[in-house]
Every structure is written in C-alpha cells, then in structure tokens.
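The values are calculated or read from the model by the stated rules, or taken from the named source; none is laboratory data. The structure presented is a predicted model; accordingly, all values stated were derived computationally and were not measured. For neighbour counting, all protein chains shown are included, and Cβ atoms are generated from backbone atoms with ideal geometry for every residue, glycine included. With ligands, DNA and RNA removed, areas are computed over all heavy atoms of the protein, side chains included. Shrake-Rupley method; radii C 1.70, N 1.55, O 1.52, S 1.80 Å.
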Amino acid sequence: MRTHYCGQVSAADIDKTVTLCGWALRRRDHGGVIFIDLRDREGIAQVVIDPDTPAAFATAERVRNEYCLRVSGRVRRRPAGTENPNIPSGAIEILAREMEILNPSLTPPFQLDEENLNENVRLTHRVIDLRRPQMQRNLMLRYRTAMAVRRYFDAHGFVDIETPMLTRSTPEGARDYLVPSRVHPGEFYALPQSPQLFKQLLMMAGFDRYYQIVKCFRDEDLRADRQPEFTQIDVETSFLSEQEIRSIMEGMVRTVFREVIGAELPDPFPVMSFADAMRDYGSDKPDLRVPLKFTELTDLMKAVDFKVFRAAADLADGRVAGLLVPGGGEKLTRKEIDDYTEFVRIYGAKGLAYIKVNDVTKPNEAGLQSPIVKFLPEAVLRAILERTGAKTGDLVFFSADRAKVVNDSLGALRQKLGHEKGYAEAGWKPLWVVDFPMFEYDDEAKRWAAMHHPFTSPKDGHEDLLESDPGRARAKAYDVVLNGWEIGGGSVRIHRADVQSKVFRALAIGPEEAQAKFGFLLDALQYGAPPHGGIAFGLDRIVTMMTGAESIRDVIAFPKTQRAQCLLTKAPSPVDEKQLRELHIRLRETPKA
C-alpha cells in the first residue's frame with residue numbers, strides 16, 4: 001500500500017516514484033497549486049498537487065485536516081529558498097500523480113500544533129492527542145528505551161520470565177486492586193503491586209538471572225509521577241553481592257541513556273548513605289544539580305534562650321538546620337523571602353527564619369540583618385557563620401521543628417530556590433543511596449514497619465539488632481536517584497528462614513500470620529534458597545525524564561487522571577446486576593450526606 005514513511009523520504013530518493021500513507025496535517029491552496037503536509041509516525045512530507053493531474057487535483061480540493069490519505073508521485077527537489085532544514089524531508093517534495101482519500105475526518109477537537117491544551121481535553125480525545133508530534137516522539141522513545149533495556153539484559157545472561165497478574169493480596173505497601181473470583185465465592189485475587197515474591201521464587205527455582213518489563217498496580221493517591229497502573233523493569237539475580245548487583249544495574253542505566261538519547265552518565269555513579277542524604281539534603285532522593293546543602297545546628301540551639309529554636313532542639317526527634325544561599329542577601333527581596341516562608345508551610349513548617357549577612361566580620365546586629373539576631377548570643381551567631389561558611393552578601397534560612405518537618409520543608413525550599421534562582425547545574429546527576437534503615441516507626445500503629453519491604457536483608461552483623469534494637473538495624477537496600485527522582489529501588493533479599501522469621505517478629509507478624517500470608521515463600525526458603533537480590537526501575541519515570549515531559553501521563557499511551565479515571569473509555573464504570581450476581585457481590589447504598 002506504501003513504499004516509504006513520510007518522514008523517511010529524502011534527497012536520496014529524488015526522481016523515484018513513491019507511495020505514502022498518512023494524515024493531512026494541513027492543506028494550502030497557492031494560486032491553483034495545492035500543498036498538503038502529509039504526516040505519519042516518522043514525520044512529514046510535503047505533497048504538491050497541480051492541475052496537470054485533474055483527478056488528483058479534484059481529490060486534493062476535498063481534503064481537510066486529519067483526512068487519511070494515500071499518495072503516489074515523483075520525488076523532486078524543492079525550489080531554492082523553500083527548503084525546511086528542520087525536518088529530514090525538508091529538501092524534497094512529492095509531485096502527486098494519484099491521491100486517494102482512505103477516510104475523511106470530522107473537524108478535530110483541537111489543532112495538533114495547539115499549545116497549552118487542557119489535559120482533560122487531551123485525555124478525553126487521546127487518539128487525536130497521540131497524533132501530535134511530541135506524543136509520537138515520546139512513545140517512540142519509550143519503545144527504543146524498552147528495546148535497549150532488553151538488549152542489555154539479554155547480553156548479560158538475564159532471562160525474561162512472565163509472572164502472574166492474578167495473585168493473592170498481601171498486607172504490605174499500598175492498597176491492592178482486588179479482583180473477585182466467580183468460581184470461589186467471597187474470595188479475591190489481587191493485581192500485583194510488584195512481582196517481588198515471584199521473582200524471589202524464581203531465584204529459588206534456579207533461574208539465576210531474571211528480568212521482566214511488567215505492569216504493576218497500586219490503588220493509591222496519585223501525583224504527577226504516579227499512576228494506578230505503571231510499568232517497571234523488574235530484575236533479580238543470584239550469587240551476587242550488593243556491589244556486584246549495583247554495578248550491573250548502573251551499567252544498564254548508562255547504556256540506555258547513551259543508546260537512546262546520546263547522554264553520557266558518570267562511571268561509576270556516586271554513592272551516598274541514607275544518613276548523609278538526610279543530613280545534607282533532607283531527602284533520600286536529592287537533586288544533586290542543586291549544590292546547596294543543609295548545615296546541622298541542633299546542638300548549638302540547645303543552649304540558647306530563643307524559644308523557637310530551643311524547643312525544637314530539645315525534642316527527641318527535633319532538628320534545627322540552616323540553608324546557606326550564596327549571594328542570597330543581595331539576590332532575594334523581602335517579598336521573595338516572605339513568599340518562600342509561605343511556601344514551606346505546605347510541608348508543615350510553621351515558618352522560616354533568616355539572616356542576611358551584610359558584614360561577615362560583625363557577627364551581631366551591626367553586621368547581620370534579621371528579626372532573630374537579637375535573640376541569639378554573639379558566640380552562637382559566630383558559630384553559625386563558621387559552620388555554614390557564610391560570606392558577606394549571603395543569606396541563611398533556618399528551619400526548626402520535628403526532623404521530618406524540617407527535612408521536608410527545607411528540602412523542598414532547597415529544590416525550589418535552587419532552580420528558580422539559578423543555582424542548579426545542567427546535565428544528569430545520578431546517585432546511589434545506600435544503607436537505609438531496616439524499619440521506620442509507625443506512630444499511629446505503634447509498631448515498626450519495613451522501610452522497603454519485609455524481605456530485605458539486614459546488613460551483615462545487624463541480624464541480632466532485628467530483635468534487640470530494630471531502629472538501629474541497617475538494610476542491604478539501595479535506590480538509584482537521578483536529578484531528584486527515584487528511578488529504581490532494590491535490595492539484597494533474605495535467603496535464610498531464621499532471619500526472615502526475625503524480621504517478621506520485629507514487624508509484629510506472628511508465626512501463624514506469617515505462615516498464612518507468606519507460607520509459600522517461607523516453605524521455599526527451606527530448600528536451599530540461594531543468596532539473591534534485585535531491583536525494580538520505573539520505566540515511566542525514566543522515559544519522562546528522557547523526554548523532558550512534565551508528567552508520566554505524557555509518556556503513557558492511555559493513562560489515568562489524578563482521580564484514577566480513563567476519560568477516553570470512561571473507566572471505571574458501573575456493571576450490570578447480572579455480572580455482580582455472578583461474582584457474588586452486592587453493592588451497599590452510599591450513605592446520604
């Protein structure tokens with residue numbers, strides 16, 4: 001039906017007869033000669049139709065935007081001065097001899113080159129939205145990324161194995177999507193949040209190196225980088241150390257970025273402990289493009305009378321930290337400082353203190369400008385300037401509260417200010433974050449919870465801490481961070497039943513509950529389970545970063561909204577009573593407000 005894609009016809013094809021198929025991007029009538037920009041997934045070709053071909057010309061007169069066309073004609077060089085250097089086919093045009101309208105089109109709901117389109121309009125008319133060149137480029141880049149991943153893992157001895165989509169519900173992590181069973185009344189499958197347990201079982205089954213590009217599902221509140229269904233690059237290996245696993249995985253990331261977008265990432269990636277990341281950046285996924293760092297001031301504030309700082313410093317989980325902004329005393333206006341103060345309230349902070357350094361040689365009210373200077377002794381002010389490395393013209397922001405509030409608010413400020421005020425560097429800044437705590441304390445439930453998942457191995461020598469002091473136990477866990485986004489997370493797994501039982505006890509999961517929920521895993525551990533570990537990368541996130549898109553919805557063909565709806569198909573939707581009866585489900589009426 002066609003000989004070439006529109007975007008692949010070039011000067012090398014001059015004087016050849018070609019047949020193209022595609023959609024009319026635009027039609028122009030120039031004094032009796034009609035021009036049609038014909039578009040397909042590879043790009044655009046300019047088609048010229050003149051009255052010397054009456055049948056083709058008559059057809060061209062009927063063409064409107066988004067008509068689906070088939071065109072045959074001779075490739076010729078464009079007249080001098082009319083070339084378009086921005087597209088591969090910009091040096092040529094096709095002089096049409098035949099034209100066929102394969103299908104007309106209604107007037108599109110929006111023009112394909114229209115900017116600032118409402119996202120709901122785009123998602124409602126997703127088929128048309130996907131015709132836009134940017135969306136075509138995004139999804140083609142996603143395809144090339146997936147192929148590069150497959151080539152890399154195939155070359156490193158990994159085997160692609162599918163795991164079940166219908167499995168049992170487990171209590172860890174986000175909410176499951178449940179699927180009612182028709183043949184087992186009152187029982188449910190769950191869609192997998194991850195193939196975690198199955199890939200561990202594959203290691204126990206002896207497959208040694210596994211990977212899968214797989215759909216996963218989480219019924220959780222959504223953000224720009226989350227979807228109820230998402231795609232991850234899932235990997236597991238046997239008989240490798242934590243360092244060996246990380247080496248293979250960062251090699252994959254480097255290879256994919258090089259092959260797909262020509263970007264060279266550092267070799268090796270820098271490595272940072274979780275404790276250092278939280279101390280310096282307030283985040284376990286710091287954006288290293290922003291060089292600004294926190295300064296720890298908690299110990300200094302234990303001896304001051306200033307109640308705001310002293311109260312936070314005396315809390316068991318309190319923190320006082322500073323953020324030095326080089327040149328900020330001259331760059332930032334009072335209004336901007338007030339705006340940043342309001343910004344941190346989003347993250348639970350009560351406010352934001354600051355000191356402008358007008359003269360670093362005078363660590364008092366004569367050289368420092370701030371409402372808080374009069375409350376702090378000169379020795380403390382001098383120590384603040386020394387620790388932060390402040391110079392004349394700089395500004396220091398302060399946050400004092402529970403550590404989580406300080407980290408969240410000051411960390412968000414660091415990111416925002418860094419990018420808005422020109423402190424951020426260009427390029428790609430990858431990072432391994434390692435040595436995570438095994439557990440974090442759940443204040444509501446009054447119990448320890450797994451920071452990653454309950455199958456993560458403790459660091460060597462930390463096994464006894466699982467029961468004696470869970471808060472001090474560290475994990476063989478590692479996350480890959482890129483420009484402030486976590487793109488992958490993994491760990492060495494527990495391969496000994498006795499260690500797994502200790503973790504369950506630390507999580508207040510008793511033997512009966514553990515057997516009921518994870519018995520198949522615990523049983524498999526009894527039969528010579530090998531040391532193993534792995535990782536999962538977010539394919540959607542990686543492609544979003546590569547394309548520079550604002551949301552992962554721009555790199556997924558048919559995404560959901562932030563309310564987990566598909567505007568194209570109107571899902572989720574009610575089902576009829578007959579289907580519900582077959583599934584043994586009765587709907588309860590929603591209580592009236």
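Under 15 Å from a label point set 7 Å out along the Cα-to-Cβ vector of Asp29, the amide N atoms of region 64-78 belong to 64-65.
Between the listed residues Gly157, Gln134, Ile245, the Cα displaced farthest toward the positive end of the dipole of the chain, a dipole computed from Cβ unit charges relative to the Cα centre, is found at Gln134. Ordering of 555-564, 401-410 by packing is 401-410, 555-564, highest average first (other Cβ atoms within 10 Å, averaged per residue). The candidates Glu114, Glu98, arranged from most to least accessible area with a 1.4 Å probe in the full protein assembly, appear as Glu98, Glu114.
The H on the amide N of Leu431, modeled in the peptide plane, is under 5 Å from the matching H of Val481, each at least 5 residues off or on a different chain. Taken about its Cα centre, region 297-439 carries a charge dipole of roughly 100 debye when the Cβ of each Lys and Arg holds +1 and the Cβ of each Asp and Glu holds -1. Only the Cβ atoms of Lys and Arg (+1) and of Asp and Glu (-1) were treated as charged; on that basis the dipole of the chain about its Cα centre amounts to roughly 1020 debye. Taking all protein chains together, Asp221, Asp443 sort by accessible area into Asp221, Asp443, largest first [probe 1.4 Å].
Working from Cα pairs under 8 Å separated by at least six residues, relative contact order for region 1-149 is 23 percent. Per-residue surface analysis assigns His4 an accessible area of about 50 Å², computed on protein heavy atoms at 1.4 Å probe radius. In the full protein context, the chain carries 49 Å² of accessible surface per residue, based on a 1.4 Å probe and ignoring ligands, DNA and RNA.
Which entries in the list Lys404/Lys429; Lys285/Lys416; Lys446/Lys502; Lys285/Lys517 go over 20 Å, if you measure between the two C-alpha atoms of each? Each step should come with its number before you reach the end.
On the way: Lys404/Lys429 25 Å; Lys285/Lys416 15 Å; Lys446/Lys502 18 Å; Lys285/Lys517 32 Å.
The pairs that break the limit, which is 20 Å between Cα atoms, are Lys404/Lys429; Lys285/Lys517.
The residue among Cys68, Ala508, Thr298 whose Cα reaches farthest toward the positive pole of the charge dipole of the chain, with charges on the beta-carbon of Lys, Arg, Asp and Glu, is Cys68. For Tyr354, neighbours were defined as the other residues whose beta-carbon sits under 12 Å from its Cβ, and their charges (Lys and Arg +1, Asp and Glu -1) total -1.
Computed about its Cα centre, the charge dipole of region 99-167 is approximately 160 debye, with only Lys, Arg, Asp and Glu carrying charge at their Cβ.
For the chain, build the charge dipole from Cβ charges (+1 Lys, Arg; -1 Asp, Glu) around the Cα centre, then report which of Gln232, Pro180, Ile36 sits farthest towards its positive end. Going by the charge dipole, the pick is Ile36. Take every pair of alpha-carbon atoms less than 8 Å apart whose residues are at least six positions apart; their mean separation over the length of the chain yields a relative contact order of 13 percent. Using a 1.4 Å probe on the protein chains only, how many percent of the accessible area of the chain belongs to carbon and sulfur? Percent of accessible area from carbon and sulfur atoms in the chain: 51. For region 347-440, the list of GluC sites (Glu not before Pro) that fall in a loop by DSSP and count at most 15 other C-beta atoms within 10 angstrom reads Glu365, Glu425.
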